[in-house]
Amino acid sequence: MLGRHLDVVEVLVVPQVSVPWKWRRWPRGGARPYFAVPVGVAWSYQSRNWTRAVTEDWNSRPGLSAGAAIGLEIYWSRRWGTLVELGYQARFLSADVVSTPVDEPQAQVSERVTTTQHQILFSVGLLVGLRK
């Protein structure tokens with residue numbers, strides 16, 4: 001992957017399982033710990049071309065994105081809260097790459113490229129409740 005810069009677009013479904021917790025009403029609005037399993041489809045695309053001696057066309061194939069997370073929602077009131085989440089995400093991607101030498105266009109080569117990306121994610125967010 002030397003010289004390539006890949007970006008990823010993914011669509012995830014994130015099922016959550018609430019964890020039993022005896023301090024459910026702590027602090028004021030309550031807290032909800034959970035486990036989550038984000039799973040979905042990912043597409044990669046090349047945002048920086050390899051242009052030294054070869055021009056490439058990156059034809060992405062749908063890949064798999066899967067992970068696990070543990071999080072805590074803390075509600076300060078019925079309408080406001082905070083989210084803290086720690087997770088791991090793995091993406092399994094592939095593409096058909098057509099390489100064309102700049103000085104010899106008839107020597108075009110096509111190959112299948114596969115890659116796996118791993119990420120550790122830490123998220124902090126604001127929760128806005130819709131309850132009155």
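The values are calculated or read from the model by the stated rules, or taken from the named source; none is laboratory data. In this text the structure is predicted, and so the values were computed from the model without any measurement. Cβ: placed from backbone, ideal geometry, glycine included. Neighbour counts: every protein chain shown.
Points worth noting:
- Residue check for THR114: out of contact with any Asp or Glu (no Cβ under 6 Å at 6 or more places or on another chain), touching a residue at least 12 places away in the same chain (Cβ under 8 Å) and either within 14 Å of TRP58 (Cβ to Cβ) or assigned to a loop (DSSP other than H, G, I, E, B) (or both): yes
- One residue alone among LEU93, LEU72, LEU64 is in a strand (DSSP E or B), out of contact with any Lys or Arg (no Cβ under 6 Å at 6 or more places or on another chain), within 30 Å of PRO15 (Cα to Cα) and in contact (Cβ under 8 Å) with a residue 60 or more places away in the chain, and that residue is LEU93.
- Looking across the range 105-132, the residues that are more than 22 Å from GLN46 (Cα to Cα), surrounded by fewer than 10 Cβ atoms within 10 Å (Cβ to Cβ) and at pLDDT below 80 come down to GLN106, LEU130, ARG131, LYS132.
- Whichever residue in the range 75-90 is of a type in the set (Gly, Ala, Ser) and within 12 Å of the chain's Cα centre (by Cα) and, among such residues, is nearest to VAL9 (Cα to Cα): ALA90
- Pairing residues of the range 1-23 that are farther than 18 Å from ILE70 by Cβ and assigned to a strand (DSSP E or B) with residues that are modelled with pLDDT of 75 or more and among the charged types (D, E, K, R), at Cβ distances under 9 Å and at least 6 apart in sequence or on separate chains, gives VAL8/ARG91; GLU10/ARG91.
- Subset of the range 70-89 (residues that are at pLDDT 95 or above and over 13 Å from SER18 (Cα atoms)): VAL84, GLU85, LEU86, GLY87, TYR88, GLN89
- If you go through the range 73-101 and keep only what is surrounded by 16 or more Cβ atoms within 10 Å (Cβ to Cβ), touching a Pro at 6+ places or on another chain (Cβ under 9 Å) and more than 20 Å from THR115 (Cα to Cα), you end up with GLU73, ILE74, TYR75, GLY87.
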